[in-house]
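Each remark here refers to the structure printed beneath this line.
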Amino acid sequence: HREIPAAPHSGNRISLGTNSSSMPDQTSSYNPSQQIPQQQQNAQPQLWNPALFNTLKNDAVQEMLYDGSRQFIVSGMARMVPGLETFLTSLRVYFAVDNQYVSKKIQRVLLPFMKKDWKRMEGQGQHGKGGYALPRFDENAPDLYLPVMSLITYVLLCAFLFGSKGEFTPEALPDITQRCFVTQILEVIFIWFGHYMMQVPANALDLFCFTGYKYCGLCVNMMAGLAFGYWWFYATMVWTGSASAFFMFRTMAHNIPRVTASNGPKREVMVIAFAVSQALAMWWISQTKLLDV
């Protein structure tokens, strides 16, 4: 037999599919690997919301947040410390002041010789009970705002004196504050004990107010000493010390009843002792060793 040779391969193949260049790439229009991160990015929460910031800028919202946080802190601490909430409520009365009251009170403390009316006004007290008027309605009412601000100012003036002489140290501020506060506590104890011996009731917070007004005079003394020197400090103190003593004298004279315990000390003697203690306390806590002569 004669073998018939196979036909040579022509290289032409039958294409079952269409030309890839003639049809659009459908895979390029949908890519799951690109869509998933985009969806995840859209699903992320926004850390900054301008609308929320604008809401917090509202005064009503700020006041609500402040009241809520204050009540939360006070109520939380009140659970741990019995009687703390009542104390804070009573303390709030001593800060019910305004600019007019502060201005008149400073004049009364530094210029008490010109004042004639020292009787406190009666008004509605806490919880609708009878009592005395709030400080912003009566300049004779005691407050804690002026003593606290005066004490802070006096401590800063003393720190400025130390710094101007190159003697300032980090311990200066707490040392001056401690000396003033300890002295005032001893004053309060002395006045309270005098009331106890006369069998007259005394409010400790009122006594802290009355003994704290001397810091106004100390601020005036320190400013005079910084500006003009050592001798001007004491020249000014003659006035402010006398004013502080006279202020305490008139205040105690109107707060202590005329009839006291028969077996206790005389009312007039104790009132004078309370007044003199203010001038002595001002001299004791004065910082004059670095003033220019």
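Readers should treat all values here as calculations from the given coordinates under stated rules, not as data from a laboratory. Nothing here was measured: the structure is a model prediction, and the numbers come from that model. For neighbour counting, all protein chains shown are included, and Cβ atoms are generated from backbone atoms with ideal geometry for every residue, glycine included.
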task = For the stretch 100-213, just the Cα set please: Rg and Dmax, both in angstrom.
result = 17.3, 55
request  = Using amide H atoms built 1.01 Å from N in the peptide plane, name the residues 5+ places from Y132, or on other chains, whose amide H lies under 5 Å from its own.
outcome  = G123
query = Over what distance in Å are the Cα centres of the stretch 233-293 and the stretch 154-192 separated?
reply = 19
message = At a 10 angstrom cut-off on C-beta neighbours, averaged per residue, how do the peptides 137-150, 257-270, 189-202, 215-228 rank from highest to lowest?
response = 215-228, 137-150, 189-202, 257-270
